[in-house]
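Trainee: My questions all concern the structure below.
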Amino acid sequence: MTAISHNHLIKTRVEISALWIAVLFNMLFCDIQEFARTGFLEEILAKTSDDAQIPEGLLLTAAIVLQIPISMIFLTQVLNVKLNWRANLIAAIVIIVMIVGNNLTPDLDDAFFAIVECATLLLIAGYAWKWSKSS
């Protein structure tokens, strides 16, 4: 591997990891911003029965979806090129599907975050696709 191609590999890894960090922060801030929605905290506090609890399966699904960008920040740095572009492409597509499926009737801030997240994920997919062509 030449010095130029090695530097390009490192640069690509850093750029993709940075994009995953941007996706993660957008996902987190979208969730945090829900607490500022009028009536959200009152709704949570008013739910005292077991029927009103958030199902464990839903919480687990949310944890798994959030773990994907967290893991991809690290995996982008350590996987070999062939596994790297595949993992990034698959992870980006999975998260896009989850975002679109979760935002069927979003309010304005949720729609904004979803657009930013999807655009960033499309950039990741583009990097991965371009990487697949060069490997």
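Each reported figure results from applying straightforward, stated rules to the coordinates on display, with no laboratory input. No experiment lies behind these values; they were computed from the predicted model shown. Here Cβ is always computed from backbone atoms with ideal geometry, including for glycine, and neighbour counts include all displayed protein chains.
Trainee: If you average the sequence gap of Cα pairs under 8 Å that are 6 or more apart and divide by the length of the chain, what percent do you get for the contact order?
Mentor: Once divided by the residue count of the chain, the mean separation gives 37 percent.
Trainee: Based solely on its DSSP helices, what 222 nm [θ] is calculated for the chain when runs of n ≥ 4 H residues each add -39,500 (n - 2.57) and the sum is averaged over all residues, nearest 500 deg cm²/dmol?
Mentor: Dividing the helical sum by the residues of the chain leaves -28500 deg cm²/dmol.
Trainee: Something else: Return Asp31, Asp107 ranked ascending by Cβ neighbour count within 10 Å, so the fewest neighbours appear first.
Mentor: Result, fewest neighbours first: Asp107, Asp31.
Trainee: If you look at just the Cα atoms of the chain, how large are its Rg and its Dmax in Å?
Mentor: Values for the chain (Cα only, Rg and Dmax): 17.9, 64 Å.
Trainee: Summing +1 for each Lys or Arg and -1 for each Asp or Glu, what net charge is found among the other residues whose Cβ lies under 14 Å from the Cβ of Leu79?
Mentor: Spelling it out: positives minus negatives among the neighbours equals +3.
Trainee: Right, here's the next one. Using only Cα atoms, find the angle between the long axis of helix 108-134 and the longest principal axis of the chain, and express it within 0 to 90 degrees, rounded to the nearest 10.
Mentor: 20
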